[in-house]
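Okay, here's the structure, questions in a sec.
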Amino acid sequence: MNARQPDRAVGRGATVSPPNRFESVRIESTEAQSDPTSEDIGATGHRVTTQLLADRATTIIRANTSPDIPFRHSINPYRGCEHGCAYCYARPTHETLGMNAGIDFEAKILVKHDAPRMLRRELARASWLGQPIAMSGVTDCYQPCERELRLTRQLLEVMHEARQPVSIVTKNALLLRDLDLLASMARNRLVRVMLSITSLDAELTRQLEPRTSAPAARLRAVRALRAAGVPVGVLVAPVIPGLTDHAMASILEAAADAGARTAGYQLLRLPGAVATIFLDWLTVNRPAARRRVEQRIRATRNGRLDDARCGCRMRGTAAYADGLESAFRVFAKKFGLDRSLPPLDESQFRRPRVPAGQMYLF
């Protein structure tokens, strides 16, 4: 049974909080939990205040060996994401923390306050050779709490000092706050950025990705990055069959007009509890479209809602998925977005100063 919120949490993406798959005991509230200090309020909804919880992680650079992920090393200063995208594939990661993939994922954010110090220490190790690092490999490094916490900026300052190459993916125009660092790193071929855009429909975006930047703001960010000399592209992600797939061409055209140099796309993924959350979101926000959208999702996954196999999970299978990929390639070429961003330069890396101030001879 799904733990539906008695009154929808205003300003949040999840409309249900599925039980944690790792727990045998389930507690379901029958009363809305509210907090009068929250900004989220509506006539028929209740408030859910974001909680920032300390993450006691002891390392910050993580490695993966998945063959269909385009980076080896990544950094995520936050676990959970206040953006609240109803479809977010990372939601089930909160279940490993004893929380749920619904409201908990977007309202209980674990913060790695020590991330800048850990990064400095790890870049200073003799074994680290300046390999590129991806930021936002799981959750968005420019989610709303970054405005006050500034951990992403501090991480970029360490990378700037060490001439450490980095790639960034975000849905938030907040990254323009750090344009000074990004532009400086770009001059040394040390950074590239991808803005993720799901739809150009502001109302749909507000419902589907409630705390992200509006589509127009993301396009302005693309324009500002291009003007500052920062290599920038756009990800049409995720493509939601039956809901946003028709907008692929218009997104690519708008991205090209804003100055994007390349584009990519990813098909919607619904692993674990995400399927329950997203389908319930459809019931609440797009009831007339739910059947069509679910049928088309299944048409890209051989009748299933998700396919975790490497090589299939990002692109899907069967004719409908093949058609989406073909359409993307046609429109990307038409609008000049079928190029690659310049490679990052690993040769300039230099180990940062350690906390004691000791410099390196070699």
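Just to be sure, is Ile60 surrounded by 19 or more Cβ atoms within 10 Å (Cβ to Cβ) and either under 18 Å from Glu122 (Cβ atoms) or not polar (S, T, N, Q) (or both)?
Yes.
Looking at (1) out of contact with any strand residue (DSSP E or B) (no Cβ under 6 Å at 6 or more places or on another chain); (2) at pLDDT 90 or above; (3) on the phi > 0 side of the Ramachandran plot, which one does Gly80 not meet, given that it meets all the others?
Among (1) out of contact with any strand residue (DSSP E or B) (no Cβ under 6 Å at 6 or more places or on another chain); (2) at pLDDT 90 or above; (3) on the phi > 0 side of the Ramachandran plot, the lone unmet condition for Gly80 is (1).
Only one residue in Leu337, Leu324, Leu344 is surrounded by 15 or more Cβ atoms within 10 Å (Cβ to Cβ) and either within 20 Å of the chain's Cα centre (by Cα) or farther than 25 Å from Ser66 by Cα (or both), so which one is that?
Of the residues listed, the single one that is surrounded by 15 or more Cβ atoms within 10 Å (Cβ to Cβ) and either within 20 Å of the chain's Cα centre (by Cα) or farther than 25 Å from Ser66 by Cα (or both) is Leu337.
Of the residues Ala299, Ala318, Ala308, Ala332, which single one is in contact (Cβ under 8 Å) with a residue 24 or more places away in the chain, among the hydrophobic types (A, V, I, L, M, F, W, C) and surrounded by fewer than 17 Cβ atoms within 10 Å (Cβ to Cβ)?
Ala308
Sticking with this structure for a sec: Any chance you could count how many residues in segment 188-224 are over 20 Å from Met135 (Cβ atoms) and touching a helix residue (DSSP H, G or I) at 6+ places or on another chain (Cβ under 8 Å)?
Residues of segment 188-224 that are over 20 Å from Met135 (Cβ atoms), as a first pass: 199-208, 210, 214-216, 219-220, 223.
If we keep only those that are touching a helix residue (DSSP H, G or I) at 6+ places or on another chain (Cβ under 8 Å) as well, we get 199-202, 205, 207-208, 214-216, 219-220, 223.
Of the residues in segment 188-224, 13 are over 20 Å from Met135 (Cβ atoms) and touching a helix residue (DSSP H, G or I) at 6+ places or on another chain (Cβ under 8 Å).
Do we find that Arg121 is in contact with a Leu (Cβ under 7 Å, 6 or more places away or on another chain), farther than 19 Å from Thr276 by Cα, modelled with pLDDT of 95 or more and in a helix (DSSP H, G or I) in this structure?
no
Find all pairs meeting these conditions: Cβ atoms under 8 angstrom apart; at least six residues apart or on different chains; first residue within segment 201-213 and aliphatic (A, V, I, L, M); second residue buried (at least 24 other Cβ atoms within 10 Å of the Cβ) and modelled with pLDDT under 95.
Leu208/Gly13
Could you grab me the full set of residues in segment 158-180 that are more than 21 Å from the chain's Cα centre (by Cα) and either crowded, with 24+ Cβ neighbours inside 10 Å or not β-branched (Val, Ile, Thr) (or both)?
Of the residues in segment 158-180, the ones more than 21 Å from the chain's Cα centre (by Cα) are 158, 160-164, 180.
Result: His160, Glu161, Ala162, Arg163, Gln164, Asp180.
Please specify each residue of segment 204-222 satisfying the condition of being farther than 22 Å from Ile103 by Cβ, surrounded by fewer than 22 Cβ atoms within 10 Å (Cβ to Cβ) and not hydrophobic (A, V, I, L, M, F, W, C).
Result: Arg220, single match.
Okay, moving on. Looking at segment 101-138, which of its residues are crowded, with 23+ Cβ neighbours inside 10 Å and polar (S, T, N, Q)?
Selection gives Ser136 alone.
Could you tell me whether Val274 is closer than 19 Å to Arg296 by Cβ, among the β-branched types (Val, Ile, Thr) and in contact with a Lys or Arg (Cβ under 6 Å, 6 or more places away or on another chain)?
yes
Got a sec? Which of Ser326, Ser340 is of a type in the set (Ser, Thr, Tyr), modelled with pLDDT of 90 or more and in a loop (DSSP other than H, G, I, E, B)?
After applying the criteria, what remains is Ser340.
For Ala288, all conditions in the list (1) free of Cβ contacts under 8 Å to residues at least 40 places away in the same chain; (2) closer than 22 Å to Gly137 by Cα; (3) part of a helix (DSSP H, G or I) hold save one; what is the number of the exception?
Evaluating Ala288 over (1) free of Cβ contacts under 8 Å to residues at least 40 places away in the same chain; (2) closer than 22 Å to Gly137 by Cα; (3) part of a helix (DSSP H, G or I) leaves (2) as the failure.
It is to be established whether one or more residues within segment 260-280 are within 19 Å of the chain's Cα centre (by Cα), closer than 23 Å to Thr170 by Cα, among the charged types (D, E, K, R) and not in a helix (DSSP H, G or I).
Yes: segment 260-280 contains one or more residues that are within 19 Å of the chain's Cα centre (by Cα), closer than 23 Å to Thr170 by Cα, among the charged types (D, E, K, R) and not in a helix (DSSP H, G or I).
For segment 78-118, how many residues are among the hydrophobic types (A, V, I, L, M, F, W, C), in a helix (DSSP H, G or I) and under 15 Å from Pro210 (Cβ atoms)?
To start, the set of residues in segment 78-118 that are among the hydrophobic types (A, V, I, L, M, F, W, C) comprises 81, 85-86, 88, 90, 97, 99, 101, 103, 105, 107, 109-111, 115, 118.
From what is left, the residues that are in a helix (DSSP H, G or I) are 97, 103, 105, 107, 115, 118.
With under 15 Å from Pro210 (Cβ atoms) added as a condition, the list becomes 103, 105, 107.
Number of matching residues: 3.
Further, regarding this structure: Within segment 274-282, is there a residue that is surrounded by fewer than 14 Cβ atoms within 10 Å (Cβ to Cβ) and at pLDDT 90 or above? First the steps, then the outcome.
Step one: filter segment 274-282 for residues surrounded by fewer than 14 Cβ atoms within 10 Å (Cβ to Cβ), giving none.
Among the residues of segment 274-282, not one is surrounded by fewer than 14 Cβ atoms within 10 Å (Cβ to Cβ) and at pLDDT 90 or above, which makes the answer no.
Of everything in segment 101-135, what is basic (Lys, Arg) and within 18 Å of the chain's Cα centre (by Cα)? Give them in sequence order.
Looking only at segment 101-135, we keep the residues that are basic (Lys, Arg), and these are 108, 112, 117, 120-121, 125.
Lys108, Lys112, listed by residue number.
Under the condition of being charged (D, E, K, R) and without any contact (Cβ under 8 Å) to a residue 60 or more places away in the chain, which residue from segment 172-200 is farthest from Leu279 (Cα to Cα)? I'd like the intermediate steps shown before the answer.
Our first condition is that a residue be charged (D, E, K, R); within segment 172-200, this holds for 177-178, 180, 187, 189, 192.
Next, from what is left, pick out any that are without any contact (Cβ under 8 Å) to a residue 60 or more places away in the chain: 177-178, 180, 187.
Values: Arg177: 35, Asp178: 36, Asp180: 41, Arg187: 45 Å.
Among residues in segment 172-200 that are charged (D, E, K, R) and without any contact (Cβ under 8 Å) to a residue 60 or more places away in the chain, the one farthest from Leu279 (Cα to Cα) is Arg187.
So for segment 211-225 (the condition being part of a helix (DSSP H, G or I), in contact with a Lys or Arg (Cβ under 9 Å, 6 or more places away or on another chain) and under 23 Å from Pro144 (Cβ atoms)), does at least one residue qualify?
The answer is yes, given that some residue of segment 211-225 is part of a helix (DSSP H, G or I), in contact with a Lys or Arg (Cβ under 9 Å, 6 or more places away or on another chain) and under 23 Å from Pro144 (Cβ atoms).
Here is a list: Val25, Val16. Which entry is modelled with pLDDT under 90 and buried (at least 20 other Cβ atoms within 10 Å of the Cβ)?
Result: Val16 is the single residue among Val25, Val16 that is modelled with pLDDT under 90 and buried (at least 20 other Cβ atoms within 10 Å of the Cβ).
The values are calculated or read from the model by the stated rules, or taken from the named source; none is laboratory data. This is a predicted model, so every value here is computed, not measured. Heads up, the Cβs are rebuilt from the backbone with ideal geometry, glycines too, and the neighbour counts pull from every protein chain shown.
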